[in-house]
1. Okay, helix-only estimate at 222 nm for the chain: each DSSP H run of n ≥ 4 adds -39500 (n - 2.57), divide by all residues, round to 500 deg cm²/dmol; what do you get?
2. With label points built 7 Å along Cα→Cβ from the Cα atoms of ARG95 and TYR356, find their separation and express it in nm.
3. Relative to the Cα centre, what is the charge dipole magnitude of the stretch 27-130, using +1 at the beta carbon of each Lys and Arg, -1 at the beta carbon of each Asp and Glu, and rounding to the nearest 20 debye?
4. Mind listing the long-range amide H neighbours of ILE337? Cut-off is under 5 Å, sequence gap 5 or more, other chains count too, H placed in the peptide plane at 1.01 Å from N.
5. Order 312-320, 90-98, 225-233, 255-263 from most to least packed using the mean count of other Cβ atoms within 10 Å.
6. Which FRET efficiency value, to the nearest 0.05, is calculated for ARG252 and CYS332 with the Förster distance at 35 angstrom and r the Cβ-Cβ distance?
7. Is the stretch 334-391 rounded, prolate or oblate when judged by the Cα gyration tensor, a ≥ b ≥ c being the square roots of its eigenvalues, rounded requiring a/c under 1.5 and prolate requiring a/b larger than b/c?
8. In the full protein assembly as shown, how much of TRP146 is accessible to a 1.4 Å probe, in Å² to the nearest 10?
Amino acid sequence: MKSIRELYRIGTGPSSSHTMGPRKAAEIFLAKHPEAKAFEVTLFGSLAATGKGHLTDVAILDTLEPHAPTTIVWKPTVFLPFHPNGMTFKSLNERGESTDEWTVFSVGGGALAEENSHNADTPEIYDMNYMTDILQWCNRTGRTYWEYVELCEGKEIWDFLQEVWDVMRTSVEEGIDNEGVLPGPLNLRRKANSYFIKAAGYQANARSRGLIFSYALAVSEQNAGGGRIVTAPTCGSCGVLPGVLYHMWKSRDISDIRIKRAIATAGLIGNVVKQNASISGAEVGCQGEVGVACAMAAGAASQLFGGSPAQIEYSAEMGLEHHLGMTCDPICGLVQIPCIERNAYAAARALDCNTYAAFSDGTHRVSFDKVVDVMKKTGHDLPSLYKETSEGGLAKDFTQM
């Protein structure tokens, strides 16, 4: 597996696969062809189907147009075999002739890959790719997941994770303070502020649930508004993990170092899914985004509550298992409905997974690795209209009120 630095990407929303990835690809192609007199970019499949709602064209044009005129070609019904999020960049000379062509895929979480090569330019730094093997290592050595992360990444990973935590915390706090309507035709009002205020009027259990809703909503709304967030593992699911971490940090006075260790463990969990399945909604549906985010947050919560390695693995397994089959069907192609609400609900569910695992000794029949395998197969069996094309599910035949 590669570094968790590639899972936690700091940037602006609303979509890691549809905004961050294409922007990065445009930057790479521009650096290769600064002499070009014009560019042509063709978007395929899911990138074309929901690209306008996700600001895919804006990300590309903002990068290329200051240097040369750029044309975007939309082909939503053409799916390239390697991945649904395909795009082809062309550089043109003064006669309009193509001088180079590059097809690349945005494979989720802001990552790029060429056909049959998942980020081959970055090194593999983890020697174990499965949670079962890592759990056995923990039991054998007496260490835990975050120590395995440190062993593979080096001690400098903690400076990076401090930045991750700082951005997560800021996105919660800025999102809580923000009010008004999110951009786009849905005219969706932000809810984080009102949930935060209303939570104060409830007794302990309901107040706790209301606060975690508000924190997850805050980050998701920041993302939908184009604010600065951390992919965890994607933009569309970026509210789940910081919602859980911020709630525990505020309510239990947990130190930053313990929060960073929990982020490391969560990153390891997300990395296993990214390595062995997918975190792309266009490839496997929302189970690969919100489902994986719930697993990451559940594992992080279990660690912060003193869970054993087995209980942490069990908590993460439940977080993903109970999101199996979840479709990706954003209304109007926006990361708003049902995405924002799903983040809040998944954050609360992550804490429930931790509670359930804490009552056990961590022993269970279905391993996390098995659920990851089933998630991958389920995602591939889903029709394309349920995988970030806005052609089915909740997005089908939606009429603006």
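1. After summing the helix terms and dividing by the residues of the chain, the value is -15500 deg cm²/dmol.
2. 6.6
3. My answer is approximately 400 debye.
4. ILE331
5. Descending mean neighbour count gives 312-320, 225-233, 255-263, 90-98.
6. Efficiency at R0 = 35 Å is approximately 0.35.
7. In terms of gyration-tensor shape, oblate.
8. Approximately 50 Å² for this residue.
The values are calculated or read from the model by the stated rules, or taken from the named source; none is laboratory data. Worth saying up front: this structure is predicted, and the values here are computed from it rather than measured. We place every Cβ from the backbone using ideal geometry, glycine too, and count neighbours over all the protein chains shown. These area figures cover heavy atoms from the full protein model, side chains too; ligands, DNA and RNA do not enter into them. Shrake-Rupley method; radii C 1.70, N 1.55, O 1.52, S 1.80 Å.
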